[in-house]
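Student: Before anything else, here's the structure in question.
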Amino acid sequence: MDIRTSKQLLGRIVAILCTVGLLMPASAVAGSSGPGQAKPEGEEHLPVPYNAIPYSEIPAKLREIEANSNRVKVDVIGRSAGGRDLFLVTLSDPQAMGFLGKYQAISQLLLTDPEKAQDMIEQFGDFKVPFFVNASIHGTEYPGVDAAMQLIETLAYEDSEEVQAILDSVILLVNVVANPDGRVLNTRYNANGFDLNRDFITQSQPETKALVRVITEWNPMVLLDLHGFYNPMLIEPCTPPHNPNYEYDLFIKWALAQALAMKAELYDQLGYDAQIPYLDDDLGFDDWAPSYTPQYSILHGAYAHTLETPFDDERGVAAHYAAVWGALKFVAQNKEGMLYDQIEIFRRGYLDLLQQPIPPELLPAYPQYEELMLQDFPAAYVIPAGPPFQLSQHQAARLVDYLLFNGVQVHQAIEPFVLNGVEYPVGTYIVWMNQPKRGMANTILEDGLDLSDIPGLYFYSPPTVWSNPRLWGAELAVMEERIEIPTYEIKAAAPPQAVVGSGTAGAYAFSPTSIAAIQAANELLARGVTLHRAEAPFEDSGHSYGAGTFILPAEARLADDVAHSYGLEVNVLARPPEGAIPLRQPRIAALVPAAGQSLLGRFGFQFDVLGIQDLNAGPDLTAYDVLINDSLSLSTTGLGPKGRKALEDYLAAGGDYIGLGAYGNDLVAQLGLVDLIEYNPPGNSIVRVDMAPGDPIAAGFGAEGHVFLNSGALFSAPGGGVEVVASLDEADFFVSGYWPGWPASGVYGAAVAVHKATAAQDLTLIGFDTLFRAHPENGFRMVANAIYSGLE
């Protein structure tokens, strides 16, 4: 088995073990309360192989360099999940350091008027291009930080011809410790348990958001992400298939030449060889998903590379240093041409020009994927701001603010307009695609492609598909051909509007159509407010309300507070609905990975995290109202007799249960509580589902929705009191992604979420993925509904 295959296999094994909780230390899970991890304390756990600089020594060292070199500026750009500072070093020649604002302004000109910027390259004179180094986003890949520190010291103090040529050409930006929690705790992840190098399409973590701010402020021409460990050293660019939203012909022209320059410098300095997937690999090291740091930054015009150093010691530090040095020298020699083509990426978007194919001399022998690499951009995306188009104005506003945060231009309509026979009101958001960062805009907003039956297609890692609007619960429409609509550019989404009904109130009501509504309910319960939940749909004063509607006491001040604190519509009821169930704070045991903990916390639930060690101690789980399980089945390695008995006893005593994905559903099937699981879809995909009207588990959803299937479960025709909550659309369920043979799979109409309620117990089984890297957040509202339903 070669090194590459071995590392992929090891990575998959580690991911599986982490998913089922086998690698979670007891200190990270036992008795934890709430969403957050406590700020990590204690000594650093640096590895033994070499004298790596501890995180605790880095702040003082950076301040020392800043004090002794007029080429260096040190800023704190944010804090990690564990509360540790994130340091950005900006480095260039002393004259440039006095005019950083000027250089940032020129970087922004590339976007505001790329045609003008392209014409002005010669007039920029000594313009220095931003060059970004991101060090050790995986905490245990230590050499990147040490190489970054050595690089900073070299450029801060030395005066060789090479150093001067680099200082004359670049503004070096170094994210010195991209994952300080991981460095301190000797873990790949941050203190919240997230792999930060999978977070860039979701941006759930503070470290990711801090890095995105720097990228959008500077639009770096080059980004190098320092990782480990491949031998020989790995230097991207990647194999096909390439994300079709890249202007790949312009990217590969310089990225490949820069990779060869890094490889040559590595050999010249150290005698080490390097592998370049684009040239040396078959399929399987693609740059399809924008979840990774370099792949995300390509959408901002960067010639970006992952560098995987071969050794976890001083040799690994030296290899990273040499490769980065080779890239810096290459930029010093080629910056004008590289800058011209980076601006051309933006100019194509600005002028709505067609993408161009990869030049034949640079195209590897994969002609079957060429058409995947060229995007047919629509004229615009249309995002209505609120009802009746949106179930949640909050999620629409979140999507718009996310677009803006990522450098995408968003407008609002000044007049009503008609698209595809539908009239949209003033204030509707328009994302025109003739803009410099159209690739970023399309990556966020598109549904994705059907990749299911392309021969030989293989991806390094999921997802093969993503969709912020579909999986965040924001509706949009696609404008294929341009309609002339007067619009103006905005800087922020309009906040959700609070509405409080007028008149004499026998009670107040608000619907669970948004994450904000669930946050409000949990905050009210934490305050001890008497809150009820409608068990079934009801009518009041000529208005219809769905099952799961939250019922407030008839206190006008409370209703006003809830509406304005959370941007909700709170309606007046003549009287509380019959059969409304009183709620209380649920006692939750969560057998879920980091993404599940993050979403539970974001929704405002308090919970205890349990892992294998906790279960194997034989706890009495009957103190909990509900057990949420995404991680364990009876066949899970490491689950002992006491752990199995604790689960069996809990369920036998009538404990409520929410099963998520394959593991969560397998557990109750293995115990004989249900006999429903029929099929585990291959790959991952976004599918269209029909929701059961009037079902409290589907509360706040429309008649139709979109969910993410990833190693999930489909259920056979239920009986014996089992109700279908959501099912695949019977006509056309597949939206995008990878599901070989889906048209002939025979699963049209199959259930993807079911529940069974008895007098003693509520069982809810959700076969679609509600947790994947905390991205499909709208689907997680079904988990919230199931928690509340179990209290009734």
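Student: Which residues, taken from segment 627-654, are open to solvent by less than 20 Å² (accessible area, probe 1.4 Å) and under 20 Å from GLU777 (Cα atoms)?
Tutor: LEU627, ILE628, ASN629, SER631
Student: Every residue in segment 120-143 that is more than 19 Å from ILE166 (Cβ to Cβ) and touching a strand residue (DSSP E or B) at 6+ places or on another chain (Cβ under 9 Å), please.
Tutor: Across segment 120-143, the qualifying residues are SER136, ILE137, HIS138, THR140, GLU141, TYR142, PRO143.
Student: Which count do you get for residues in segment 530-567 that are within 34 Å of the chain's Cα centre (by Cα), part of a strand (DSSP E or B) and surrounded by fewer than 15 Cβ atoms within 10 Å (Cβ to Cβ)?
Tutor: Residues flagged as within 34 Å of the chain's Cα centre (by Cα), part of a strand (DSSP E or B) and surrounded by fewer than 15 Cβ atoms within 10 Å (Cβ to Cβ) within segment 530-567 amount to 0.
Student: Being of a type in the set (A, V, I, L, M) and surrounded by fewer than 20 Cβ atoms within 10 Å (Cβ to Cβ) is the filter here; which residues of segment 75-87 pass it?
Tutor: VAL76, ILE77
Student: I'd like to verify a number: residues in segment 590-617 that are open to solvent by 30 Å² or more (accessible area, probe 1.4 Å), within 26 Å of ALA520 (Cα to Cα) and assigned to a helix (DSSP H, G or I), how many?
Tutor: Here the count works out to 2.
Student: Can you pull out every residue in segment 728-760 that is open to solvent by 30 Å² or more (accessible area, probe 1.4 Å) and under 30 Å from GLY655 (Cα atoms)?
Tutor: LYS756, ALA757, THR758, ALA759, ALA760 - these are the residues of segment 728-760 that are open to solvent by 30 Å² or more (accessible area, probe 1.4 Å) and under 30 Å from GLY655 (Cα atoms).
Student: Kindly list the number of the only condition in (1) assigned to a strand (DSSP E or B); (2) open to solvent by 20 Å² or more (accessible area, probe 1.4 Å); (3) closer than 15 Å to ILE518 by Cα that fails for VAL570.
Tutor: It is condition (2) that VAL570 fails.
Student: Go through segment 655-684 and give me each residue that's more than 17 Å from VAL722 (Cα to Cα), open to solvent by 20 Å² or more (accessible area, probe 1.4 Å) and either in a loop (DSSP other than H, G, I, E, B) or of a type in the set (Phe, Trp, Tyr) (or both).
Tutor: Listed by number, the residues that qualify are TYR663, TYR679, ASN680, PRO682, GLY683.
Student: Same structure again: Might you check whether a residue that is touching a residue at least 60 places away in the same chain (Cβ under 8 Å), open to solvent by 20 Å² or more (accessible area, probe 1.4 Å) and acidic (Asp, Glu) occurs anywhere in segment 56-69?
Tutor: Scanning segment 56-69, I find no residue that is touching a residue at least 60 places away in the same chain (Cβ under 8 Å), open to solvent by 20 Å² or more (accessible area, probe 1.4 Å) and acidic (Asp, Glu), so the answer is no.
Student: Here is a list of conditions, (1) under 19 Å from ASN219 (Cα atoms); (2) at pLDDT 95 or above; (3) of a type outside the set (A, V, I, L, M), and TRP325 meets all of them except one; can you say which number that is?
Tutor: (1)
Student: Another question, if that's okay. Does VAL400 qualify as being of a type outside the set (Lys, Arg), under 30 Å from GLY567 (Cα atoms) and touching a Phe, Trp or Tyr at 6+ places or on another chain (Cβ under 6 Å)?
Tutor: The answer is yes for VAL400.
Student: Restricting to helices (runs of 4 or more DSSP H) lying wholly in segment 234-312: which have 2 or more residues that are more than 29 Å from the chain's Cα centre (by Cα) and more than 21 Å from GLN356 (Cα to Cα)?
Tutor: By residue number, 248-270.
Student: Run down GLN150, GLN164, GLN118, GLN104 and say which single residue is assigned to a helix (DSSP H, G or I), touching a Pro at 6+ places or on another chain (Cβ under 9 Å), open to solvent by 10 Å² or more (accessible area, probe 1.4 Å) and at negative phi.
Tutor: Just a single option satisfies the conditions, and that option is GLN104.
Student: Just to be sure before I move on: is PRO582 open to solvent by 50 Å² or more (accessible area, probe 1.4 Å), modelled with pLDDT of 95 or more and closer than 24 Å to ASP625 by Cα in the structure I sent?
Tutor: yes
Student: Mind telling me which of the residues PHE377, PHE417, PHE405, PHE389 ends up being aromatic (Phe, Trp, Tyr), surrounded by fewer than 16 Cβ atoms within 10 Å (Cβ to Cβ) and modelled with pLDDT of 95 or more?
Tutor: PHE405
Student: Any residue that is among the small types (Gly, Ala, Ser) and under 21 Å from ILE137 (Cβ atoms) - is there at least one of those in segment 275-288?
Tutor: no
Student: Take the residues of segment 338-355 that are open to solvent by 30 Å² or more (accessible area, probe 1.4 Å) and part of a helix (DSSP H, G or I): which is nearest to ALA304 (Cα to Cα)?
Tutor: TYR340
Student: Any idea which of PHE701, PHE715 is modelled with pLDDT under 95 and not aliphatic (A, V, I, L, M)?
Tutor: Numbers: PHE701 fails: modelled with pLDDT under 95.
Sole residue among the options that is modelled with pLDDT under 95 and not aliphatic (A, V, I, L, M): PHE715.
Student: Condition check: open to solvent by less than 20 Å² (accessible area, probe 1.4 Å), modelled with pLDDT under 95 and either of a type in the set (Val, Ile, Thr) or under 19 Å from ARG347 (Cα atoms) (or both). Does THR443 satisfy that?
Tutor: Values: open to solvent by less than 20 Å² (accessible area, probe 1.4 Å): yes; modelled with pLDDT under 95: no; either of a type in the set (Val, Ile, Thr) or under 19 Å from ARG347 (Cα atoms) (or both): yes.
For THR443, the condition - open to solvent by less than 20 Å² (accessible area, probe 1.4 Å), modelled with pLDDT under 95 and either of a type in the set (Val, Ile, Thr) or under 19 Å from ARG347 (Cα atoms) (or both) - is not met.
Student: Here is a further query. If you go through segment 502-515, how many residues are buried (at least 24 other Cβ atoms within 10 Å of the Cβ) and either more than 14 Å from PHE605 (Cβ to Cβ) or modelled with pLDDT under 95 (or both)?
Tutor: Qualifying residue count for the region: 5.
The values are calculated or read from the model by the stated rules, or taken from the named source; none is laboratory data. In this text the structure is predicted, and so the values were computed from the model without any measurement. So basically every Cβ, Gly included, is an ideal-geometry build from the backbone, and we count neighbours across all protein chains shown. For accessibility, only protein heavy atoms count, side chains too; no ligands or nucleic acids. Shrake-Rupley method; radii C 1.70, N 1.55, O 1.52, S 1.80 Å.
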